[in-house]
1. Within the range 247-275, can you find the residues that are under 19 Å from Val186 (Cα atoms) and away from the ligand (no atom under 14 Å from the Cβ)?
2. Looking at Glu169, is it open to solvent by 30 Å² or more (accessible area, probe 1.4 Å), farther than 18 Å from Gly247 by Cβ and not in a loop (DSSP other than H, G, I, E, B)?
3. Against the conditions (1) open to solvent by 30 Å² or more (accessible area, probe 1.4 Å); (2) farther than 23 Å from Ala261 by Cβ; (3) more than 16 Å from the ligand (Cβ to nearest atom), where does Arg6 fall short? Just the number, please.
4. When you scan the range 230-246, how many residues do you find that are of a type in the set (Val, Ile, Thr) and more than 7 Å from the ligand (Cβ to nearest atom)?
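The values are calculated or read from the model by the stated rules, or taken from the named source; none is laboratory data. The structure presented is a predicted model; accordingly, all values stated were derived computationally and were not measured. No Cβ is skipped: glycine too gets one built from the backbone with ideal geometry, and neighbour counts run over all protein chains shown. These area figures cover heavy atoms from the full protein model, side chains too; ligands, DNA and RNA do not enter into them. Shrake-Rupley method; radii C 1.70, N 1.55, O 1.52, S 1.80 Å.
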Amino acid sequence: MSRSTRPAVRPFIGGNWKMNLRLASAVELAETLHADLSGDGEGAALDARIDVAVFPPAPYLMAVGRAMGHGPPALGGQDLSPHEDGAYTGQVSAGMLDDLNARWVLVGHSERRHGLAEPPETIRAKLRRALEADLEVVLCVGETLEERESGDAEATIVEQLRSGLEGLETLEAFPPERIVLAYEPVWAIGTGRTAHPDDAEEAHRWIRRTLGELYDRGFAAATRVVYGGSVTASNAAELFSRPEIDGGLVGGASLKAESFAAICRAAESRLGTSA
Ligand code: PEP
């Protein structure tokens, strides 16, 4: 599917802070980013047609949210409970994220899917819960190195996607503007080893083909698919120049305002005049 057959979509850039920073440095990063991206600092404001969200550690959501005011960036949670409320020690509910004005949430990140052996049914339940609670979701999928080297990358990604979306059969259940899909090859996350843009694009096509099969081609074209895995200020422009890559999910490089803001600005090149 070439870019010309796709409608203009809003690029998405997410900054996943993981379990990094401390309160003071998180607030400082949020303040600097907000100044950079809103135009309150020295440069111009980031084009408002780009969605930017940061995902701080849960205990810092309130302070980071306050430091960013109404954004940009928007605020997101790194995880949510599949349950509404109750006896779930340590978990964070969708309602709690909403109370803190967190609009976005990550679901299926490999550090939970693989690192914490989060089962597919839990990922599915979290996605449903997030949508029911009106949150916007970044659903992450991606293969391990072993799966790529054995030729199983496509099957793995398609299976993760189909499994995550099971039960969301209608388009009403899955508004394309509320779910961003992140292709994150596990071997590229935090390793400094970025997927070749050709390989990332190929994986994005597998994702869009699957969305087309599950829903329809128009829906697949309108859904944002972003790349994650060692995105930096140096490689972002090349990745975002590819028609299939609608932005990025960024870990390490989101911990410095300068590199994250540069990555956000690299996405401006994707905007046509009529988006
Ligand atoms: C991530 O955590 O989703 C990620 C892509 O991390 P990094 O950019 O550090 O590879």
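1. If the condition is that a residue be under 19 Å from Val186 (Cα atoms) and away from the ligand (no atom under 14 Å from the Cβ), then no residue fits.
2. no
3. Of (1) open to solvent by 30 Å² or more (accessible area, probe 1.4 Å); (2) farther than 23 Å from Ala261 by Cβ; (3) more than 16 Å from the ligand (Cβ to nearest atom), only one is false for Arg6: (1).
4. The qualifying residues number 2.
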